[in-house]
Amino acid sequence: MAAVSAAIFTFSNSVIAQNSNKVARPMEDRNNVVDNTLDSLNKAKFARPVAGSSRKGDNPVLFLVGNSTMRTGTLGNGNNGQWGWGCFIDSYFDSEKITVENHALGGTSSRTFYERLWPDVLAGVRKGDWVIIELGHNDNGPYDSGRARASIPGTGKDTLHVTIKETGEKRIVYTYGEYMRRFINDVKARGAHPVLMSLTPRNAWADADSTVIERVDRTFGKWARQVAKQTKVPFIDLNEISARKFERFGKEKVKTMFYLDRIHTSEFGAKVNARSAVEGLRSLKNLGLAKYLLPETVDSVTGSSRSEGRPVVFTIGDSTVKNEDSDTDRMWGWGSVLAEYLDTTKVSVENHAMPGRSARTFVDEGRWDKVYEVLQPGDIVLIQFGHNDAGPINTGKERAELRGAGSESKVFKMQSTGRYQVVYTFGWYMRKFIMDAREKGAFPVLITHTPRNKFDNGLIESNADSFGAWTKEVAEATGVPCIDLNSLAGRTLQHIADEEGLKKVNAHFKRDHTHSSLLGARLNASIVAGELKGILESK
């Protein structure tokens, strides 16, 4: 089938040619999203890979066919803050054995992808390759006006002849199921292997009070499953796998899975869907594609101190929580000596803080995910950030967040990588830690960052107007306890300075005005432990 001119992507009004058969009305567009990606087809084609160009020798290629939930935006690079799951699934595959090409394009339906993009993709498909197909989000609206992208509902053999008013071009519209069958037959004819997936879930709940995500099992999910069964190809219910996770997350956390609207995922949501897709691939018996997946990594460190009946106290933060911690004459973090002040017959302590990290980079690097995955009811999570959360956002160390405790966000292009990323406020990341911990039944506690050895006119510096204030604001808004370590330790150091002089204060720090000596770490740990005891006793 020859490629079609980009001119047909700007339909406004058209006329349906009368034909003898009557077909079902098109699906209503419930997404309420204006997606202009298809208006930039030439730009999109330039940005998309040439089909099969990633192939290494005779290795197979995994082709991804889908819409904006698989590859968002014309360029698919996250410059609008939205990401598709196809941008992250490659990390699960062994690139020395198979390569992954994301040929999805936002705004496409099964019909428009098959008519306009599929010929170019199919040209690169060889024997032994794999093609994952996930389409349906845009198979709605008019058959012959606007974008004219609707397919006929169902899996039957109905057809509809239409004439496009602007171009006079005549088209035959098929059912959703027929387009799926055509994708499958084309792939099989090449000696390759098709896999059908149901749609990603939207941020849509059954009703205002419901804890149940809407499913597509009565429409596109059902039809895709039926076609897969008819044609004997693997089917993965991606909608169900991710929806179950969303229901466990709860409504507030699910909001963070999307960006700007209810259908297009943030990086967080895209990664959840990518993982769900991989879980679906692993679950299918004797699926040849699964042999190209990298082995699942097992974290044998995080949570390893757990024993029955003894919850774990996890600490996360920066170098003031965890440092070298190996010699009495070196820098120490208070998390590494916290166990000295707790009853370790009742709890264990694990310090998962990391020097140089902000709240944002602790999340970005996957460090929080490791803690989150092992949390159990009754665990305690002590959260202290702020020392590294100021400065440049997308230059230099690229670790700062937006200032404040609000819900603001902004897309930045990172200077070091050229990659686009949504950056939120400091308080947003604090709320994420809290939501995640509570979801697992753990008990989060916020802590203002340790005081610095900086005095002005004899008074120690305070963070009460910045990170301390934002930490306490989040704590109050979420009902989470807050240990004001900055003020409590600051008052102790101020007293030492007033009574014994700055030399005694200096002994609590090592090398600079921020990092603690063992003496300083123990001071901070003793305060945290004492405050924590009071918090737990008052629960």
Hits in the range 451-475 - residues which are loosely packed, with under 14 Cβ neighbours inside 10 Å and of a type outside the set (A, V, I, L, M, F, W, C): LYS454, ASP456, ASN457, GLY458, ASP465
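Inside the range 488-505, can you point out the residues that are within 43 Å of the chain's Cα centre (by Cα) and open to solvent by 30 Å² or more (accessible area, probe 1.4 Å)? So that I can check it myself, show each step before the final result.
Just the residues of the range 488-505 that are within 43 Å of the chain's Cα centre (by Cα), to begin with: 488-493.
Matches in the range 488-505: LEU488, ARG491, THR492.
Looking at GLY391, GLY378 in this structure, which one is small (Gly, Ala, Ser) and without any contact (Cβ under 8 Å) to a residue 40 or more places away in the chain? Quick ask: steps written out before the conclusion?
On the way: GLY378 fails: without any contact (Cβ under 8 Å) to a residue 40 or more places away in the chain.
Among GLY391, GLY378, only GLY391 is small (Gly, Ala, Ser) and without any contact (Cβ under 8 Å) to a residue 40 or more places away in the chain.
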Residues (in contact with a Pro (Cβ under 9 Å, 6 or more places away or on another chain), outside any loop (DSSP other than H, G, I, E, B) and of a type in the set (A, V, I, L, M)) located in the range 181-196: ILE184, VAL187, VAL195, LEU196
Some residue of the range 384-392 being under 18 Å from VAL313 (Cα atoms) and not charged (D, E, K, R): yes
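Just to check your reading of the model, which residue among GLU279, GLU324 is under 18 Å from ASN239 (Cβ atoms) and without any contact (Cβ under 8 Å) to a residue 40 or more places away in the chain? Before you say what the answer is, go through the steps one by one.
On the way: GLU324 fails: under 18 Å from ASN239 (Cβ atoms).
Of the residues listed, the single one that is under 18 Å from ASN239 (Cβ atoms) and without any contact (Cβ under 8 Å) to a residue 40 or more places away in the chain is GLU279.
Could you list, in sequence order, all residues of the range 150-180 that are assigned to a loop (DSSP other than H, G, I, E, B), open to solvent by 20 Å² or more (accessible area, probe 1.4 Å) and within 17 Å of ALA24 (Cβ to Cβ)?
Let us first name the residues in the range 150-180 that are assigned to a loop (DSSP other than H, G, I, E, B), namely 150-151, 153-158, 164-169.
Cutting the leftovers down to open to solvent by 20 Å² or more (accessible area, probe 1.4 Å) gives us 153, 155-158, 165-169.
Of everything in the range 150-180, those that are assigned to a loop (DSSP other than H, G, I, E, B), open to solvent by 20 Å² or more (accessible area, probe 1.4 Å) and within 17 Å of ALA24 (Cβ to Cβ) turn out to be PRO153, THR155, GLY156, LYS157, ASP158.
May I ask you to verify whether GLY534 is on the phi > 0 side of the Ramachandran plot, open to solvent by 20 Å² or more (accessible area, probe 1.4 Å), modelled with pLDDT of 95 or more and of a type outside the set (Lys, Arg)? It would help to see each step written out before you state the result.
On the way: on the phi > 0 side of the Ramachandran plot: no; open to solvent by 20 Å² or more (accessible area, probe 1.4 Å): yes; modelled with pLDDT of 95 or more: yes; of a type outside the set (Lys, Arg): yes.
Taking the combined requirement at face value, the residue does not satisfy it.
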Some residue of the range 366-383 being under 19 Å from the mean Cα position of the chain (by Cα) and among the aromatic types (Phe, Trp, Tyr): yes
Looking only at the range 307-328, and only at residues there that are open to solvent by 60 Å² or more (accessible area, probe 1.4 Å) and touching a helix residue (DSSP H, G or I) at 6+ places or on another chain (Cβ under 8 Å), the one that is farthest from ALA437 (Cα to Cα): THR328
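Which of the residues that make up the range 80-99 are outside any helix (DSSP H, G or I), surrounded by fewer than 24 Cβ atoms within 10 Å (Cβ to Cβ) and under 15 Å from the mean Cα position of the chain (by Cα)? If you could, list the steps in order and put the result at the bottom.
Keep residues of the range 80-99 that are outside any helix (DSSP H, G or I), which gives 80-84, 88, 93-99.
Then keep just the ones that are surrounded by fewer than 24 Cβ atoms within 10 Å (Cβ to Cβ); that gives 80-81, 88, 93-99.
Within the range 80-99, ASN80, GLY81, PHE88 qualify.
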Neighbours by Cβ (under 7 Å, 6+ apart or cross-chain): first from the range 524-535, more than 11 Å from LEU338 (Cβ to Cβ); second open to solvent by 10 Å² or more (accessible area, probe 1.4 Å): ILE535/PRO481
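Residues are listed down the side, and each one gets a yes or a no for (1) over 23 Å from TYR420 (Cβ atoms); (2) at pLDDT below 95:
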residue	(1), (2)
ASP90	no, no
ASP94	yes, no
GLU101	no, no
LEU105	no, yes
SER110	yes, no
ARG116	yes, yes
GLY128	yes, no
VAL131	yes, no
LEU135	yes, no
Residue count, the range 100-149 (criterion: crowded, with 20+ Cβ neighbours inside 10 Å, touching a Ser or Thr at 6+ places or on another chain (Cβ under 7 Å) and in a loop (DSSP other than H, G, I, E, B)): 12
From VAL23, VAL15, residue being open to solvent by 20 Å² or more (accessible area, probe 1.4 Å), of a type in the set (A, V, I, L, M, F, W, C), under 30 Å from VAL173 (Cβ atoms) and modelled with pLDDT under 65: VAL15
The range 453-468, residues that are small (Gly, Ala, Ser) and free of Cβ contacts under 8 Å to residues at least 60 places away in the same chain: GLY458, SER462, ALA464
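Consider VAL61 carefully, then state whether it is open to solvent by less than 20 Å² (accessible area, probe 1.4 Å) and at pLDDT 95 or above.
On the way: open to solvent by less than 20 Å² (accessible area, probe 1.4 Å): yes; at pLDDT 95 or above: yes.
When the stated conditions are applied, VAL61 passes them.
Do we find that LEU281 is of a type in the set (A, V, I, L, M) and surrounded by fewer than 16 Cβ atoms within 10 Å (Cβ to Cβ) in this structure?
Values: of a type in the set (A, V, I, L, M): yes; surrounded by fewer than 16 Cβ atoms within 10 Å (Cβ to Cβ): no.
No: the conditions fail for LEU281.
In the range 332-366, which residues are part of a loop (DSSP other than H, G, I, E, B), in contact with a Phe, Trp or Tyr (Cβ under 9 Å, 6 or more places away or on another chain) and of a type in the set (A, V, I, L, M)?
Matches in the range 332-366: ALA353, MET354.
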Number of the exception - LEU38 against (1) in a helix (DSSP H, G or I); (2) modelled with pLDDT of 65 or more: (2)
Residue match in the range 476-484 (condition: open to solvent by 20 Å² or more (accessible area, probe 1.4 Å), of a type in the set (Val, Ile, Thr) and under 32 Å from the mean Cα position of the chain (by Cα)): yes
Residue ID - nearest to LYS533 (Cα to Cα), chosen from residues in the range 473-506 that are touching a residue at least 12 places away in the same chain (Cβ under 8 Å) and assigned to a loop (DSSP other than H, G, I, E, B): PRO481
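Working only within the range 507-539, note down all residues that are assigned to a loop (DSSP other than H, G, I, E, B) and of a type in the set (Lys, Arg). Steps first, answer last, please.
As a first pass, look at the range 507-539 and keep what is assigned to a loop (DSSP other than H, G, I, E, B): 507-508, 510-515, 517, 538-539.
Residues satisfying the conditions are LYS510, ARG511, LYS539.
The values are calculated or read from the model by the stated rules, or taken from the named source; none is laboratory data. Here the structure is a predicted model, which means the values were calculated and not measured. Cβ atoms come from the backbone with ideal geometry, glycine included; neighbour counts cover every protein chain shown. Calculation scope for accessible area: heavy atoms of the full protein, side chains included, ligands and nucleic acids excluded. Shrake-Rupley method; radii C 1.70, N 1.55, O 1.52, S 1.80 Å.
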